[in-house]
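A.B. asks: Pasting in a structure now, in structure tokens, and then I'll have a few things to ask.
The values are calculated or read from the model by the stated rules, or taken from the named source; none is laboratory data. Remember, it's a predicted structure, so these values are computed and weren't measured experimentally. For neighbour counting, all protein chains shown are included, and Cβ atoms are generated from backbone atoms with ideal geometry for every residue, glycine included.
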Protein chains: 2
Amino acid sequence: MAGVSIATVSRAIHHPGKVAETTRKKVNAAIAKTGFTANAMAQSLRSKSSKMILAMVPDISNTFFANILLGLEAVATRRGYGLLIGNTENDPQTEATYLTYTRSNKADGIVLMTGHLPFGAAEVRQHLPPIVAACEEIAEGSVPFVGVDNQHGARTAVRHLAELGHRRVAYISGPPNNILSTERRAGYELALRQSGLEVDPALILDGDFSIEGGRLAVERLFIRDALPTAFFCANDDMAIGVLLALSQRGYNVPGDFSVIGFDDIPFSSCTTPPLTTIRQPRRLIGEAAMTKMLDMVEGKPVKAGAVILPVELIIRGSTGAPREIDLRLD
Amino acid sequence: MAGVSIATVSRAIHHPGKVAETTRKKVNAAIAKTGFTANAMAQSLRSKSSKMILAMVPDISNTFFANILLGLEAVATRRGYGLLIGNTENDPQTEATYLTYTRSNKADGIVLMTGHLPFGAAEVRQHLPPIVAACEEIAEGSVPFVGVDNQHGARTAVRHLAELGHRRVAYISGPPNNILSTERRAGYELALRQSGLEVDPALILDGDFSIEGGRLAVERLFIRDALPTAFFCANDDMAIGVLLALSQRGYNVPGDFSVIGFDDIPFSSCTTPPLTTIRQPRRLIGEAAMTKMLDMVEGKPVKAGAVILPVELIIRGSTGAPREIDLRLD
DNA sequence: GGAAATTATGTAAACGTTTTCATTTTTGAT
DNA sequence: ATCAAAAATGAAAACGTTTACATAATTTCC
């Protein structure tokens, strides 16, 4: 090292004001020459902060989450933090493992996209780390939330169908207990009632947010006799499945049936016909969630309560007026 | 603490054999009661290993990479490591920042999916961390590689078209300097020659691996007069773009044109018609890459050279025999 | 020019582990 | 019972920082 104490080096780096101009230069020169890089582990040990945020997500390969991650990563790096990803597949064991990341100081906070507190969080409730929920609000406790107004989005979607003249609209739900499923269903029912239509339980089917789930829902509907003229799907993947099933059965969209999704994933504009949907500002959600997270971690004043970002109805080719004649199918 | 020295606790945890049955039980009881969790930062500081692997990728939201990440994450957690993600957007500055993660001991190694060494790697060449390249081989240096035989995959794709009877096959490339572009092009040309067809430079167009890029390539082709009867696209996204452009112009696939992609991303089976493509075992690539990485990090003997996983031709609906009559379009 | 105030630097403790080495306890053979 | 060998434990150093405190150097002001 070049002529100065180890404490001074630390100060030269972190509190340049506290150190004389000349010595600071000497220090910087030495750093440049030796290629010195501070040992982050020692820093973390001393400062009790790892400058890492853990994102827990059920499935990284899901385009929807991937886009949120993009937003999370962007503001994390901008503010000098790193992003750790935890792919949980909703496995309690995995969740519990990742939860220990904060207890062991590997991460300073957790952004949850799983819709529930990680397994094992109950026991340690008192010393829970900073947590923010993105996309899926968390029922238990009062975890800060960043996302959209799902009920409002669903209402917009269904109102759009009603305005086109549809009177029988099916709702293809996600998993029954999922909060997104229920909120969007509430919006669906509200829009129906506001349009003077009645809610027919036979037109409400559980799915699982997957393409295959959408497909199956259509098959189940066709087995019964009461058909809708339009489908409101709780997410785009299922809407795509519906589109596929319909086209396979030889129907035309939007001629025979209208289909609307939720999320506006990138591929939505590439289906045949392109999918009408409710767009969520995914990247913004990620950015807002990470901003809130880091504010909490750094002890900045963070306003309590949820951050609700606006959704947008994207009208493409999969919705249109229903046929005049009521379809009767064998 | 319950009756025993701090050193013994450490041993009870990491070397249970070195500690007496009875004391081990006491220690475990105390751990359970206090909810003790070891401080990972102190462990890393002491052991000089953070048990973290950094994955550098140009774009997490790209389905292709997201699936690789899934594989990486799976074996990382299985072996007690965490996955850090670095979204670089090919920005040298960002790459350089992430490179310091290993120098500062935040990560033990780097899995590169960027196709090139991170910016700044040249200067520190001597003390480069363990690196493995996934998907895109790295030209400079001799970085262990895990991926597929792109040339072979391309050859398989184009041979499939040739066997269907196509004599004029266009190649929609990725960015010109990209290694995937050039390897797949080599396979394309080889298959052509092996089928007794000649390579027409007018049928080779640069794209950018995006849907829009595929679309534009079609437009550019239609401006000229020499049309192909089939399109081999360097990835599925561009193939989807081609499909879209073709359908927009009113053509039928595979009636008027055949289209084949590369990768087999999840949506490939959802296009109209479903896309014929070359499947890469993405998850396996991720798993193999992480396995190699951790073996390197842990000093296990790792066989040098590349791990090449097999690709598979997935025949769906977008390829068929060409029309007998040569199309002449205005 | 000297005391007081200010600024710059150095010293050393602390963060929580792991591990070497030394010491104590146990075991087993005589 | 005794002693040697083996097994279990403890003491303390080390990992590389940051920071409170003490000290040294500089400036300011009369």
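A.B. asks: Output the residues belonging to the range B:71-95 that are at the interface with chain A (Cβ under 9 Å from one of its Cβ atoms), touching a residue at least 60 places away in the same chain (Cβ under 8 Å) and surrounded by fewer than 23 Cβ atoms within 10 Å (Cβ to Cβ).
C.D. replies: Listed by number, the list holds a single entry, B:ALA74.
A.B. asks: Looking at A:TYR98, is it crowded, with 23+ Cβ neighbours inside 10 Å, at negative phi and more than 16 Å from DNA strand D (Cβ to nearest atom)?
C.D. replies: Values: crowded, with 23+ Cβ neighbours inside 10 Å: yes; at negative phi: yes; more than 16 Å from DNA strand D (Cβ to nearest atom): yes.
It is true that A:TYR98 is crowded, with 23+ Cβ neighbours inside 10 Å, at negative phi and more than 16 Å from DNA strand D (Cβ to nearest atom).
A.B. asks: For the range A:195-244, how many residues meet the condition of being closer than 20 Å to A:GLY255 by Cα, more than 14 Å from chain B (Cβ to nearest Cβ) and acidic (Asp, Glu)?
C.D. replies: Residues that pass the stated criteria total 2.
A.B. asks: In the range A:177-188, what residues are assigned to a helix (DSSP H, G or I) and either of a type outside the set (A, V, I, L, M) or within 13 Å of A:HIS152 (Cα to Cα) (or both)?
C.D. replies: Answer for the range A:177-188, where residues must be assigned to a helix (DSSP H, G or I) and either of a type outside the set (A, V, I, L, M) or within 13 Å of A:HIS152 (Cα to Cα) (or both): A:LEU180, A:SER181, A:THR182, A:GLU183, A:ARG184, A:ARG185, A:ALA186, A:GLY187, A:TYR188.
A.B. asks: While we're here: Among the strands (runs of 3 or more DSSP E) confined wholly to the range B:189-267, which include 2 or more residues that are over 13 Å from B:LEU161 (Cβ atoms)?
C.D. replies: On the way: elements: B:204-206, B:230-233, B:258-260.
The strands (runs of 3 or more DSSP E) meeting that bar are B:204-206.
A.B. asks: Can you run down the residue pairs with Cβ atoms below 9 Å, 6 or more apart or on separate chains, where the first is in the range B:148-164 and in contact (Cβ under 8 Å) with a residue 60 or more places away in the chain and surrounded by fewer than 22 Cβ atoms within 10 Å (Cβ to Cβ) and the partner is of a type in the set (A, V, I, L, M) and part of a helix (DSSP H, G or I)?
C.D. replies: Pairs that qualify, where the first residue is in contact (Cβ under 8 Å) with a residue 60 or more places away in the chain and surrounded by fewer than 22 Cβ atoms within 10 Å (Cβ to Cβ) and the partner is of a type in the set (A, V, I, L, M) and part of a helix (DSSP H, G or I), are B:THR156/B:ALA191; B:HIS160/B:ALA191.
A.B. asks: Another question, then. Which members of the range B:176-209 meet the condition of being modelled with pLDDT of 95 or more and polar (S, T, N, Q)?
C.D. replies: Scanning the range B:176-209 gives B:SER181, B:THR182, B:GLN194, B:SER195.
A.B. asks: For the range A:2-60, which residues satisfy the criterion of being more than 10 Å from DNA strand C (Cβ to nearest atom), part of a loop (DSSP other than H, G, I, E, B) and more than 11 Å from chain B (Cβ to nearest Cβ)?
C.D. replies: A:ALA2, A:PRO58 - these are the residues of the range A:2-60 that are more than 10 Å from DNA strand C (Cβ to nearest atom), part of a loop (DSSP other than H, G, I, E, B) and more than 11 Å from chain B (Cβ to nearest Cβ).
A.B. asks: Right, something else. Select the strands (runs of 3 or more DSSP E) contained entirely in the range B:62-176, then report the ones holding at least 2 residues which are over 18 Å from the mean Cα position of the chain (by Cα).
C.D. replies: Where strands (runs of 3 or more DSSP E) fall fully within the range B:62-176 and carry at least 2 residues being over 18 Å from the mean Cα position of the chain (by Cα), they are B:169-173.
A.B. asks: Filter the range A:13-64 down to the residues that are touching a residue at least 60 places away in the same chain (Cβ under 8 Å) and within 30 Å of B:ARG282 (Cα to Cα), then identify the one that is nearest to DNA strand D (Cβ to nearest atom).
C.D. replies: Selected residue: A:ILE53.
A.B. asks: Could you list, ordered by first residue, the pairs with Cβ atoms under 6 Å in which the first is in the range B:273-284 and of a type outside the set (Ser, Thr, Tyr) and the second is buried (at least 19 other Cβ atoms within 10 Å of the Cβ) and assigned to a strand (DSSP E or B), at least 6 apart or interchain?
C.D. replies: If the second residue must be buried (at least 19 other Cβ atoms within 10 Å of the Cβ) and assigned to a strand (DSSP E or B), the pairs left are B:GLN280/B:VAL148; B:GLN280/B:ASP263.
A.B. asks: May I pose another question? Report, by residue number, each residue of the range B:299-320 that is modelled with pLDDT under 95 and of a type in the set (A, V, I, L, M, F, W, C).
C.D. replies: B:VAL302, B:ALA304, B:ALA306
Yes/no per residue for (1) farther than 30 Å from B:ILE68 by Cα; (2) crowded, with 24+ Cβ neighbours inside 10 Å:
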position: B:GLY214; (1), (2): no, yes
position: B:GLU219; (1), (2): yes, no
position: B:ALA230; (1), (2): no, yes
position: B:ILE240; (1), (2): no, yes
position: B:PRO266; (1), (2): no, no
position: B:THR272; (1), (2): no, no
